Amino acid sequence: MSMTGYGNAKGHVDGKEIVVELKCLNSKINDFRIKMPTSYRQKELELRKILNDTVIRGKLDVTILVDQIGDQEDFVINDKLFKTYGHQIKALGTDLNLDNADILNAILKFPNVIVSQDSLISETEYQYTLSILHEAIEKLNDFRSIEGAIASKDMALRLSLITEYLKKIEAHEEERMKTVKDKLNKAFTQAQNEHIDKNRFEQELIYYLERIDFTEEKVRLKQHCDYFIEELSQNEFSKSKKLNFISQEIGREINTLGAKAQHAMIQKYVVLMKDELEKIKEQLNNVL
């Protein structure tokens, strides 16, 4: 599954349009930034828990928009609070000699008697918003799955190219060994002329031949590539750490091949393999 993705959903309830938008980017941990109306702040902890339970790792930008539809009042009177203040002030009205106009002016000056529609949220609206949020999350996860599948397909292609280059290296091994032997024969002839210890020289030659042999590196590289493909096909949500480790092992074997190559075409294939591996690592940076 990819770490980047996008999902949105919208709907209408109680004369309002609810829009939820989710954008996800790379992150080693869950990092959520939520933009929402003031009335939803009391629900933020619950919303974060839902996101944490349903969105697998990522830097997530969440936007919740609530817009009024049609000609509705921007402000309303809090009836319950208005009546409470009214009863209390009327009880004092006789002693203070207050008329109705004085009482009304006093009530309207109390906080929260007149409130913005933006600060009100009904349970019906909130539950509907949750359903919109879950729809957006589902779209986000679907998007990330599709992106992940594309990335997996691309990495599989890169691995197949690496194994193809490895096969092409084998076609040049005979020529490589001939070149190496020619160099060694020339060195041996020079050694005879310079009266060098032949036994010691032969030991050095054997050691040298063992050092430049890369049969084991080729075998391990092929095994690592097969293992990478095997893990790539596993139905797991999070496997980037394991794949990163395998890619490091692939890189180690490719580097050793390059160090031992001593052949222009083999070195060229090593460079091509490194290039494909770098592209794989770029994809891994965006995979869970």
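Mean projected area of the Cα convex hull of the range 126-176, taken over all directions, amounts to 3.7 nm².
Normalised Debye scattering of the range 4-52 at q = 0.16, 0.17, 0.22 Å⁻¹ gives log10 I(q)/I(0) of -0.57, -0.64, -1.00, counting only Cα atoms as equal scatterers and leaving out solvent.
Between ASP275 and ARG220, the contour length at 0.36 nm per residue exceeds the alpha carbon distance by 17.9 nm. Simple spin-label estimate for MET265 and ASP14 gives 7.6 nm between the two label positions (7 Å along the Cα-to-Cβ direction from each Cα). Counting every other Cβ atom within 10 Å of each residue's Cβ, PHE143, PHE214, PHE110 order from fewest to most as PHE110, PHE143, PHE214. Label separation (ILE150 vs LEU65): 2.4 nm, computed from points 7 Å beyond Cα along the C-beta direction.
Dividing the Cα radius of gyration by the Kirkwood radius, what Rg/Rh value follows for the range 235-274?
Numbers: Rg = 13.5 Å, Rh = 11.3 Å.
Result for the range 235-274 is an Rg/Rh of 1.19.
Computing FRET efficiency as 1/(1 + (r/R0)^6) for TYR227 and GLN42, where r is the C-beta to C-beta distance and R0 is 51 Å, gives about 0.50. Taking amide H as placed 1.01 Å from N in the peptide plane, ILE34 has its amide H under 5 Å from the amide H of VAL62, each at least 5 places away in sequence or on another chain.
Read-outs: derived from the displayed coordinates by stated rules, not from any lab. Note that the coordinates shown come from a computational prediction; the quantities given were computed from them, not determined experimentally. Here Cβ is always computed from backbone atoms with ideal geometry, including for glycine, and neighbour counts include all displayed protein chains.
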